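The values are calculated or read from the model by the stated rules, or taken from the named source; none is laboratory data. All values reported here derive from a predicted model rather than from experimental measurement. So basically every Cβ, Gly included, is an ideal-geometry build from the backbone, and we count neighbours across all protein chains shown. With ligands, DNA and RNA removed, areas are computed over all heavy atoms of the protein, side chains included. Shrake-Rupley method; radii C 1.70, N 1.55, O 1.52, S 1.80 Å.
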Amino acid sequence: MNKLRRLRSLSPEMAETLRLAGVQGIFWAAMAVGNYQTVYLQSIGFPATDFGLLNAIACAVAIFAMTFWGTVSDRIGSVRKIVILTLTLGCGLFIFVPLIPTGQSYSTLLFLILIPIINFFRVPMSPFVDNLTVRNCAEHRLNYGMIRSSGSLLFAIAGVITVNALIPAAGVPSTFWVMGIVMIPAIVLTYFCFEPQSGKRVKKSAAGAGVLLKNYAYMAFLIFAFFFQMAAAFEGNFLTYYMADIQIDTVNLGLILSVRAMMEIPFLFFIGRLRRYIKMKYLIMLSAILMATECLCFCFLVNSLPTMLVFAAFYGLGNGAFLGTGTNYIYELAPVELRATAHSLFISVAQISGILGNLLGGVLFDTIGGKAFYGVTACVFLVSVAIFAASFLFHRNKKETAAA
C-alpha cells in the first residue's frame, strides 16, 4: 500500500522518466531478441551478394517510409501516435518472416518483395522512439542519456538470454515471434507518455523543408551522415558473414551485440555532463573514430571470439557517443516546426547511403574477404570525420573572408 502511495506521489517529470525508460528498455530488449534476421537468412543459404541486394531494396523502401511517416507526424501533430502505429505494424508483420517459403525457385523473389514491405513499418520504429524520447527530455528537462542507457542495458541482457536460452531451446526462427510479444509492453507504455509540444501542429513557413536545405550546418551534417552511415551499413550488415569468414559461430552474434550495448552506457550516462565541456560536433567525430578503431582491429587483430568481443567494445563506445548527440544535434539545428522532417531527412540520407553500402558491400565482401573488407570500412568512417571537420574549417574561413 505504501509503495502504491509513493508511485502516486511521483512528480510528473519522474513519472515520465520512468515511462520513457520503460519504453526504451523494453523496445531495445525486443530488438535484441529480433536481431537475427541476417543469421536466419544466412542459415537458409543467402550469400553476401544477395543479402546486400535485399538490404539495398529495403533501404530504398525505407527512404520513402521515413519521409512519409515524418510528414504524417508533422501534419497530425503527434509523434506518439506514429510510434504506436509503427511498433504495432512493424512487429506484427515481422513475426511472419519465418513463414515465407524457403528452398523454392521463387523464395528469393518473395524475400526481396516481402521484407522491404515489412521495412516500411519496421525501419521508422527506432527513429521515432528516439524522436519521442529526445523531445520529451528536452521539454521536461529529463536526463536523456540515463533514459536511453536503459535501452542499452536491457538490450545487452536480452541478447545474452537469447543466445544462451531462447535459440538453443527453440531455434533462430523463434526470435521473430518472441520479439513481437516482448514489444507489447513498450506499445502500451508509449500510449501513456506525454505528447511532445513541439510535435503538435504549428504553422509552417511557405519554404517548408527548403529552410533546412539552406542551413549550412545541417547540410554539412547530412554529408557527414552519408559516409558515416555507409560505413555503419558495411560494419553491421555483414558482421555475421565476417564471423563465418574467420570461423566464429554466427549464433554468438548476440554476445557481440550485448558487449557493444553495455559499452554504450558510459557515454550515454554522462553525455549531459560531457556536452557542457565538449561541443556536440566533436563528440560526433569522436564516435566515428571509435567505430573506425573497432574495424581496424577486426582487420588486423581479431582471430577468435574473445578478441572480437574485446574490440567490439570500441564500437559500443562510439555508438553511445553518437546516440547521445546525433538526434540532439539535428534538433539544435532545425526549426521547432520542422524537427520531425529534419530527423526524417537524416534517416532518408542514411538509407540512401545504405543502398550503396549494401550493394557495394556485398560484392566487395565476396571479392576481398572479411578482414580486408573491415579495413575498407574503417577508412570510410575516417573519411566521414575528415569531411565533417573540413566543413567547419571551410565555414570559418568563409566567415573570416566575408568579414574582411
Legend entry - Rg over Rh [alpha-carbon atoms, Kirkwood Rh] for the range 33-95: 1.09
Inset, instruction - With only Lys, Arg, Asp and Glu charged, each at its Cβ (+1 for the first two, -1 for the last two), find how big the charge dipole of the chain is about the Cα centre; round to the nearest 20 debye. - result: 1680 debye
Legend entry - With 5 Å bins from 0: P(r) over the range 295-404, alpha-carbon pairs, percent: 2, 10, 11, 16, 19, 16, 11, 7, 5, 2, 1, 0
Legend entry - Per residue solvent-accessible surface (Å²) - the chain, probe of 1.4 Å: 43 Å²
Inset, instruction - Would you kindly work out the equivalent ellipsoid of the range 98-255 from its C-alpha gyration tensor and give its semi-axes, the square roots of five times the eigenvalues, largest first in whole Å? - result: 34, 23, 19
Inset, instruction - Please give the contour-minus-distance gain from Leu114 to Ile184: 0.36 nm per residue of separation, less the Cα-Cα distance, rounded to one decimal in nm. - result: 22.9 nm
Legend entry - Heavy-atom accessible surface of the chain: percent carbon and sulfur, 1.4 Å: 68 percent
Inset, instruction - Based on a Kirkwood Rh over C-alpha pairs, give the Stokes-Einstein translational diffusion coefficient of the chain at 37 °C and viscosity 0.692 mPa s in µm²/s. - result: 151 µm²/s
Legend entry - Helix-only mean residue ellipticity at 222 nm for the chain, each DSSP H run of n ≥ 4 adding -39500 (n - 2.57), per residue, nearest 500: -27000 deg cm²/dmol
Legend entry - Highest-first arrangement of 23-33, 374-384, where packing means the average Cβ count within 10 Å: 23-33, 374-384
Inset, instruction - Kindly report, to the nearest 10 Å², the accessible surface of Glu139 as traced by a 1.4 Å probe over protein heavy atoms only. - result: 70 Å²
Inset, instruction - Just tell me, in residue order, which DSSP H segments of the chain are both 24 angstrom or longer along the helix axis (alpha-carbon based) and at least 1.6 in mean Kyte-Doolittle hydropathy. - result: 174-192, 280-300
Legend entry - Most fluctuating residue given options Leu93, Leu132, Leu213, as computed from a GNM of the chain linking Cα atoms under 10 Å: Leu213
Inset, instruction - Would you work out which of Ile167, Leu93, Ala321 lies farthest towards the positive end of the dipole of the chain? Charges go on Cβ: Lys and Arg +1, Asp and Glu -1. - result: Ala321
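With the Cα gyration tensor of the range 220-289 giving a ≥ b ≥ c as the square roots of its eigenvalues, does the rule (a/c under 1.5 for rounded; else a/b larger than b/c for prolate; else oblate) give rounded, prolate or oblate? Present the calculation step by step, with values, prior to reporting the outcome.
On the way: a/c = 4.14, a/b = 1.59, b/c = 2.60.
Since a/c reaches 1.5 but b/c is at least a/b, the shape of the range 220-289 is classed as oblate.
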Inset, instruction - Only loop residues by DSSP count here, and only those with at most 16 other Cβ atoms within 10 Å; note down the trypsin sites (Lys or Arg not before Pro) in the range 250-307 that meet that. - result: Lys279
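Kindly identify the range 24-179 as rounded, prolate or oblate by the Cα gyration tensor criterion: order the square roots of the eigenvalues as a ≥ b ≥ c, call it rounded if a/c is under 1.5, otherwise compare a/b with b/c, prolate if a/b is larger, else oblate.
Since a/c reaches 1.5 but b/c is at least a/b, the shape of the range 24-179 is classed as oblate.
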